[in-house]
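Structure record follows, encoded as structure tokens.
The values are calculated or read from the model by the stated rules, or taken from the named source; none is laboratory data. None of these values were measured; they are calculated from a predicted model. When the accessible area is computed, the model is the full protein with side chains, heavy atoms only, and any ligands, DNA or RNA have been set aside. Shrake-Rupley method; radii C 1.70, N 1.55, O 1.52, S 1.80 Å.
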Amino acid sequence: MFVVVAYDISSDEKRNKCMNILKDYGNRVNFSVFECTVDAQKLKEIKEKINKLIDNKTDSVLYYILCDACKTKRTYSGAPNLSDLSDLDNTIIRL
């Protein structure tokens with residue numbers, strides 16, 4: 001499944017730890033946004049690791065599970081900040 005993970009974490013140390021967790025599962029596409037292609041078990045692992053890390057009172061993490069059709073409709077404005085374009089199959093359309 002294709003999952004976009006966006007996080008807002010107040011602590012620099014925790015934010016860096018979150019980034020290090022996510023880089024093992026996907027590609028960083030923005031400062032606090034990753035795109036991951038994972039199965040259900042890997043998504044569960046991500047959530048468990050991040051839930052142990054964050055403070056539920058001050059931090060938030062959003063998981064957007066997108067279908068294949070939705071993935072092909074993503075667009076962007078400005079310069080892409082994509083660490084790896086190899087899996088995109090020309091599916092990002094610049095506005």
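General remarks:
- Ligands, DNA and RNA excluded, the heavy atoms of Lys73 present near 150 Å² of accessible surface to a 1.4 Å solvent probe.
- Of the whole protein surface, Leu22 contributes about 0 Å² of accessible area at a 1.4 Å probe radius.
- Rg/Rh ratio calculated on Cα atoms of segment 1-81 (Kirkwood radius): 0.97
- The residues of segment 1-44 expose, per residue, 53 Å² of accessible area to a 1.4 Å probe.
- Going by accessible surface with a 1.4 Å probe and the largest first, Ile21, Ile9, Ile65 read Ile65, Ile21, Ile9.
- Chain lengthening between Leu66 and Asn30 when straightened (0.36 nm per residue, less Cα-Cα): 11.2 nm
- In Å², nearest 10: area of Asp24 left accessible to a 1.4 Å probe: 120 Å²
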